[in-house]
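Some notes on the structure that comes next.
The values are calculated or read from the model by the stated rules, or taken from the named source; none is laboratory data. All values reported here derive from a predicted model rather than from experimental measurement. Note that each Cβ is placed from the backbone with ideal geometry, even for glycine, and that neighbours are counted across all protein chains shown. Just the protein is used for accessible areas: all its heavy atoms, side chains included, with ligands, DNA and RNA removed. Shrake-Rupley method; radii C 1.70, N 1.55, O 1.52, S 1.80 Å.
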Amino acid sequence: MTSSTRPGWVFYLSVAALAAFVAAGVAMPAELARWAQTGLDFTTQHFGWLYLFATTGFLVFCIGVAFSDYGRIRLGADGEAPEFPYTTWLGMIFSAGMGVGLVFWGVAEPMTHYVAPPLGGATPRSPEAANLALRYSLFHWGFHQWANFAVVGLAIAYVRFRRQRPGLISEAFRDSLGDAVDGVRGHAINTLAVVSTVFGVATTVGLGVIQINSGLVAVSPWEIGFGATEQLAILGGVALVFLLCALTPLERGVRYVSDLNMLLAAALLVFVFFAGPTDFITAALTNAVGEYFGNVIGMSLVMTPYTGGDWVERWTIFYWAWGLAWAPFVGAFIARISRGRTIREFVLGVIGVPVVLSAVWLATFGGSGLYYEMFAGAGIGDAVTRELSSALFVTLAQLPAAEYLGALTVALVVLFVITSANSATFVLGMFTSKGVLEPGRLIRVTWGVLQVVVAGVLLLSGGLAALQTISILAAFPFMLLMIFMAGALLKSLREERRQWELHEAMVQAQIERLIEERWPAEEENAAEAGPSASETREEPGPRRPGA
């Protein structure tokens, strides 16, 4: 292992913190769950508003930067070509950012809101409830969520490829903190990012494992149970595969799996769209998009101070916290694959295109679920009430070739989990190896094992509820860090613009000086040469008679 890839203080501090969490989870699972719930109650009660304002602020920040003069800045040398083709780049972003979660919640969230409408805004299981269900589902998977990823990704990509510094979270603060980022403050920032990333990835891996377990129950010809034992066995099998992938370079270990992900997801999406209630899906998509844009400000900042309900905490704040905890990993991974893109192209690619894909996915799968529940009595709502992860498979059972669709979906979730976990091993290795782009294999495997162990502890400590709780708690300190990160990035961009203006002023002054020096010299040469030929030539006039 070379000195450039040797782990430093961040690696050991992060491993120690996570080891303490794992030990507490194994030795005192009930106490750990109680402490986590106490912390969750305190955080959401006193700082729930901050999650809403911060996430909305990140979206406004990204849009403002993208459409300002800063949007022309290239994340790399001027004129540098992007490292990956555009479609591959988008596929890797989407797979890392939303793959498992969107498959898990694509039917489950709209159907849950249909059965129990958000904020009591409609009668349960009514057309109004269906309208609210798709609107809030699109909101939770819309621009706000991806803005979290874009802020971190943009900051890392800028310092790594534009400023040629290590790809660390702490480096985004160098213009503000100076050399302090090389000391205790920088180690604390990077350690916080690593711990937040591990919990965010563990949440997604845990959701994927629960979904795989539910899918196997639905499609397997053998009797398979649904519980912690089966989920730990699935986790072990998936871990073996992604740890093998973690030993390969990024281009082979992630890119090809990501491409296969997108092909399977596209095939499943197209089949359900055309084999399902196509006209209903397109109408529901159109209506949801209109409802989303018509109510986005109100949904962004809604709280329940007058009723004391906890719906916002259980849904919107959970989603924003999950995205915030997920942001160091997704942001760093997106930064890693975005060399050569402009800031405007980066923001539009990270925030714009994935949201369109998310909307189509939610309308196709969530819309199909609502259609079969409302007009065919499929019993999907009751199935979701019993087991949330079964929603997708009960919906697929209403379509032709249901058994093949179920198997394809299980394979898709497995690949999404592998992609997310494998990508995270690279990012965590980068954070704990001084920002190198190709961290050592031993470090990648170490982080792969730790992700699996943390996910296993959370599954044993309460399943889905534990995953949601730890996401919100882990996200809070990193959310505060991201607020300062956005300010530091803006300061760096302003400094670069000031350098532009200074350079342009110097060039303009030099041009003017050259003109001034050249003009007197030309006049002096003209004077020494005497009258020009045009001046001595006889002007034409009337001819003399007889001439």
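Remarks
- For the range 68-209, with all protein chains in place and a probe radius of 1.4 Å, 56% of the accessible heavy-atom surface sits on carbon or sulfur.
- Percent of alpha-carbon pairs separated by more than 12 Å within the range 264-305: 69
- The range 55-111 - convex hull of alpha carbons, volume per residue in Å³: 126
- Kirkwood-Stokes translational diffusion coefficient of the chain, alpha-carbon pairs, 37 °C, 0.692 mPa s, µm²/s: 131
- Note on the range 22-119: percent of Cα-Cα distances in each 10 Å bin, starting at 0 and stopping at the bin with the largest distance, equals 11, 16, 34, 23, 14, 2.
- Put simply, the amide H of T342, placed in the peptide plane, has neighbours under 5 Å in L75, leaving out anything fewer than 5 places away on its chain.
- Nearest-20 debye value, the chain charge dipole, Cβ charges on Lys, Arg, Asp, Glu: 880
- Principal-axis tilt of helix 86-115 within the chain, Cα atoms, nearest 10 degrees: 40
- Value of relative contact order over the chain, rounded to a whole percent, pairs C-alpha under 8 Å and six or more apart: 33
- Euclidean distance of C-alpha centroids, the range 376-439 and the range 343-374, integer Å: 16
- Axis of helix 143-157 versus longest Cα principal axis of the chain: the two differ by about 50°, to the nearest ten degrees.
- More than 13 angstrom apart: percent of Cα pairs within the range 16-69: 72
- Highest average packing first - 392-399, 159-166, Cβ atoms within 10 Å: 392-399, 159-166
- The listed peptides 498-505, 49-56, 269-276, 296-303, ordered by packing as a protection proxy, come out as 49-56, 269-276, 296-303, 498-505 (highest mean of other Cβ atoms within 10 Å first).
- Among 182-193, 426-437, 353-364, 28-39, the peptide with the highest mean count of other Cβ atoms within 10 Å heads the list, and the full ranking is 426-437, 353-364, 182-193, 28-39.
- Distance between the range 11-27 and the range 47-68 - C-alpha centres, whole angstrom: 32
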